[in-house]
Structures are given as structure tokens and as C-alpha cells.
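Enquirer: Pasting a structure here, questions to come.
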Amino acid sequence: MKTFRSQTSAPAQHGRRTLLAAGGAALLGPLCSASAWAQAEWPVGKVITWVVPYPPGGSTDVLGRQVALHLGKALGSQVIVDNRAGATGTIGAAFVAKAAPDGYTLLGTSIGPQAIAPHLMGRLPYDPIAGFEPVITIGTIPHLLVVGAGQPFQSVADLLAAARAQPGHLAFASGGNGTILHMQGELLQRQAGARCTHVPYKGDTPALQDTLAGQVQFMFAPVAAALPHVQSGRLRALAVTSAQRLKALPAVPTMAESGVSDFVVEQWQAVFAPARTPAAIVQRLNREIALVLKDPAVVALAERLGVTLVGGTSRQLGDLQKTDSAKWAALIREAGIKAE
């Protein structure tokens with residue numbers, strides 16, 4: 001007796017497998033399609049734009065260009081730097097916030113447009129937190145409280161005593177309203193119970209030049225910009241705003257050592273993408289830039305600029321931004337600081 005087995009034709013088997021595969025794809029599609037697309041398709045050799053919201057030549061621009069160059073090599077794609085300066089960095093930030101969330105437009109910026117200026121300038125065309133996906137912290141920059149060599153102040157205590165004795169008489173310079181240099185001057189007044197006059201300039205360089213010339217009594221200046229003048233004797237460094245003393249200036253005390261507590265202030269530089277950029281792209285950018293920050297050429301440039309490279313996760317950057325945003329918002333509100 002023959003035993004007959006039921007056989008399914010090859011076309012029928014193929015059709016069943018096709019239906020099963022299609023069904024599985026339909027179920028999994030909403031969960032993994034965006035991530036799979038991002039991992040498989042991005043960047044596809046397309047040009048990536050790295051927006052710097054400042055003029056060329058500053059530390060954010062110079063270091064950003066080097067990071068962008070190495071990032072392009074790592075991704076096999078060209079990364080071009082686009083300087084969109086103005087309004088304390090908020091013009092460039094607004095441009096990126098409105099860009100398509102596809103990984104092809106990035107913001108290489110600093111603390112000002114993302115944590116200070118929004119509270120100082122009022123309504124802006126972007127939300128500094130909800131409008132972006134944090135990618136990675138590039139680095140931090142401590143500052144020096146400096147006076148010209150012709151000024152009589154030998155310490156922070158001397159400076160504050162004079163400020164209290166003659167309210168409004170001493171003037172401090174900054175690179176502009178809403179910059180971190182401006183905010184440090186306001187914070188010092190607030191915590192010391194003194195009143196000084198703020199003189200904003202169009203950039204850190206002219207502010208430093210007038211401090212050297214004695215046109216203003218003091219300023220908070222980036223270490224890299226002030227260091228040569230301190231070493232030459234044209235500027236006197238009264239304190240550093242970092243938590244520890246600097247290796248380059250071991251004799252200069254911290255603000256805490258100078259009697260001003262809770263005054264650790266450092267400018268940070270970071271990378272953001274437009275809100276709703278796929279997580280896979282953000283994670284890839286974070287990984288690649290973290291590797292770039294270990295490149296010897298990038299490390300050497302950061303040292304010359306006075307930047308301490310950081311890296312870290314995107315969440316850590318988001319937490320840093322929120323913490324600093326709350327801190328400066330409170331100062332601006334309590335001191336009644338207005339954009340001039």
C-alpha cells in the first residue's frame with residue numbers, strides 16, 4: 001500500500017512566507033523603522049551643516065571647525081561650517097531649531113544662546129531646551145577675573161571693598177549683553193553685595209583691549225585670551241572661576257579661596273541637533289564626536305584655546321543645560337537684569 005503525503009506547491013510555500021514576512025514587518029515597522037532607517041541610510045554621503053552662531057575666529061568657531069573636519073572623515077561625509085552670528089548667538093540657534101530633524105543640520109554652540117540669552121532677551125523664536133536634542137558636550141572654559149596692571153587692586157577683596165565704597169563707580173567689561181562674561185560680573189555683584197557698571201562690547205577682544213588700557217576696571221576673561229597678558233604683566237589675575245587652581249597659573253587663587261563662595265562658573269561648548277532627530281543619529285553623532293575629542297590634533301588645539309575637553313552622554317549635556325538655565329534665569333530675575 002502506498003502512503004500519500006500532502007505536498008504544498010513551491011509557489012504556495014513562497015506565498016505563505018511572503019505573507020508571514022509582510023505581517024511581521026507590519027507589526028515591527030512602527031517600532032524599528034525610524035531607527036533602522038537612520039542606521040542604514042544616514043549620512044549617505046550628503047553634506048552636513050555645522051552651524052556656529054558666532055563670527056569666525058572665536059574659540060567656539062575654531063574648535064568647532066576642527067571637530068567638524070574630523071567628524072566628516074569619520075562619517076565619510078563632508079561637514080561644512082556655517083557662521084550665522086548675531087543677537088548673542090540666538091540667530092544661529094533659531095536657524096537650527098527650525099531645520100529638518102534629519103541629522104544634516106547641527107548646532108555647535110555655547111552656554112549663552114542655550115542657557116542665558118533666552119532669559120535675558122525675552123521671547124525668542126525657539127525653545128532652548130524643547131527645541132533641540134542634546135548631542136554631546138565638547139568642553140568647558142574657565143575664566144579669570146582680571147584687572148589692568150595700572151589698577152590698584154591686588155586681590156578680589158580689594159576690588160570688592162572699592163566697589164562697596166563707591167557704588168556704581170567701578171566698571172566691568174564683557175563681550176556683550178547676555179554672554180557668560182556679563183553674567184559672571186552680575187553674579188559677583190549679587191553675591192558680594194556690591195554695585196558696578198556693566199560696559200558691553202561687541203566681542204571679547206575689544207572688551208579685553210579696554211581692560212588692558214584701563215578704560216574699565218575689571219572683567220572676567222577666557223583663560224586663553226587673558227593668559228599671555230597676565231604672563232607679560234599687562235594684566236593682573238585676581239582669581240580663577242574653576243573649582244581648582246590652573247596648572248598654568250598655580251599662584252592665582254580660586255574665587256572660593258578669595259572669599260566668594262559658590263562661584264564655580266565655566267563656559268561650555270556643545271553640539272545640539274533639532275528636536276525629534278532620530279535617536280540612532282544622535283547616538284551615532286555622540287559616539288563619533290567622543291572619538292574625535294581624543295584625536296591628538298583636537299587635544300592640542302583645545303589646550304591652546306584653554307578648553308578642557310569633556311565628551312560624555314547626550315543626557316549629561318541635557319542635564320547640564322537645564323541646571324545652568326535655571327541658575328542664570330534665577331539671577332536675571334532676582335537682579336532685574338534687562339537686555340540693553
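FYI, it's all coordinate maths here, none of it is from the lab. What you see is a predicted model, and the numbers here were worked out from it, not measured in a lab. Here the Cβ positions follow ideal geometry from the backbone for every residue, glycine too, while neighbour counts run over all protein chains shown.
Enquirer: Please work out the Cα center distance from segment 268-330 to segment 38-107, rounded to the nearest Å.
Expert: When both Cα centres are located, 13 Å separates them.
Enquirer: Could you give me the ³J(HN,Hα) list for segment 180-188, computed from phi with Karplus coefficients 6.51, -1.76, 1.60 and θ = phi - 60°, whole Hz, x at Gly and Pro?
Expert: The phi angles translate into 5, 5, 4, 5, 5, x, 5, 5, 4 Hz.
Enquirer: How do THR49, THR88 line up, fewest other C-beta atoms within 10 Å first?
Expert: Ascending Cβ contact count within 10 Å gives the list THR49, THR88.
Enquirer: Under a GNM of the chain (C-alpha, springs under 10 Å), which listed residue has the highest mean-square fluctuation: GLY76, GLY103, GLY318?
Expert: In this elastic network of the chain, the residue with the biggest mean-square fluctuation among GLY76, GLY103, GLY318 is GLY76.
Enquirer: Give me the base-10 log of I(q)/I(0) for segment 182-340 at each q in 0.14 Å⁻¹, Debye formula, one uniform scatterer per Cα, rounded to two decimals.
Expert: Rounded to two decimals, the profile gives -0.92.
Enquirer: To the nearest 0.05, what FRET efficiency results for GLN191 and VAL44 with a Förster distance of 56 Å applied to their C-beta separation?
Expert: After rounding, the FRET efficiency stands at 0.60.
Enquirer: When the helix-only estimate is applied to the chain (DSSP H runs of n ≥ 4, each -39,500 (n - 2.57), divided by the residue count), what is the mean residue ellipticity at 222 nm, nearest 500 deg cm²/dmol?
Expert: Result for the chain, helices only: -14500 deg cm²/dmol.
Enquirer: May I pose another question? Convert each backbone phi in segment 226-237 into a coupling constant with the Karplus relation 6.51 cos²θ - 1.76 cosθ + 1.60 (shift: θ = phi - 60°), then list the ³J(HN,Hα) values in order as whole Hz, x for Gly and Pro.
Expert: Taking θ as phi minus 60°, the curve returns 8, 3, x, 6, 5, 5, 7, x, 7, 10, 10, 8 Hz for segment 226-237.
Enquirer: Return the long-range amide H neighbours of VAL51 (sequence gap of 5 or more, or a different chain), with a cut-off of under 5 Å between placed amide H atoms.
Expert: Here the answer is ASP82, LEU106, LEU107, GLY108, since their amide H atoms fall under 5 Å of that of VAL51.
Enquirer: From the phi of every residue in segment 62-78, what ³J(HN,Hα) in whole Hz does the Karplus formula 6.51 cos²θ - 1.76 cosθ + 1.60 yield, where θ is phi - 60° and glycine or proline is x?
Expert: Working through the residues one at a time gives 5, 5, x, 5, 5, 5, 4, 4, 5, 5, x, 5, 5, 8, x, 9, 7 Hz.
Enquirer: Just tell me which aspartates and glutamates come within less than 16 Å, Cα to Cα, of LYS327; anything on the same chain fewer than 8 places away is out.
Expert: GLU186, ASP262, GLU266, ASP319
Enquirer: Turning to a different aspect of this structure: Normalised by the residues of the chain, what does the relative contact order come to in percent, with Cα pairs under 8 Å and at least six apart?
Expert: This gives 24 percent for the chain.
Enquirer: Could you list SER314, SER261 so that the one with the fewest beta carbons within 10 Å of its beta carbon is first and the one with the most is last?
Expert: SER261, SER314
Enquirer: Let me ask another. Given springs between every Cα pair under 10 Å in a Gaussian network model of the chain, which of PRO113, PRO142, PRO167 has the largest fluctuation?
Expert: Maximum fluctuation in the GNM of the chain, among the listed residues, is at PRO167.
Enquirer: List, in the order given, every pair from LYS73/LYS247; LYS73/LYS322; LYS98/LYS338; LYS294/LYS322; LYS46/LYS98 whose Cα-Cα distance in the structure shown is over 29 Å.
Expert: Over 29 Å Cα-Cα: LYS73/LYS247; LYS73/LYS322.
Enquirer: To check you understand DSSP bridge types, tell me what percent of the beta bridges within the chain (both residues inside) are antiparallel, rounded to 5.
Expert: 60 percent
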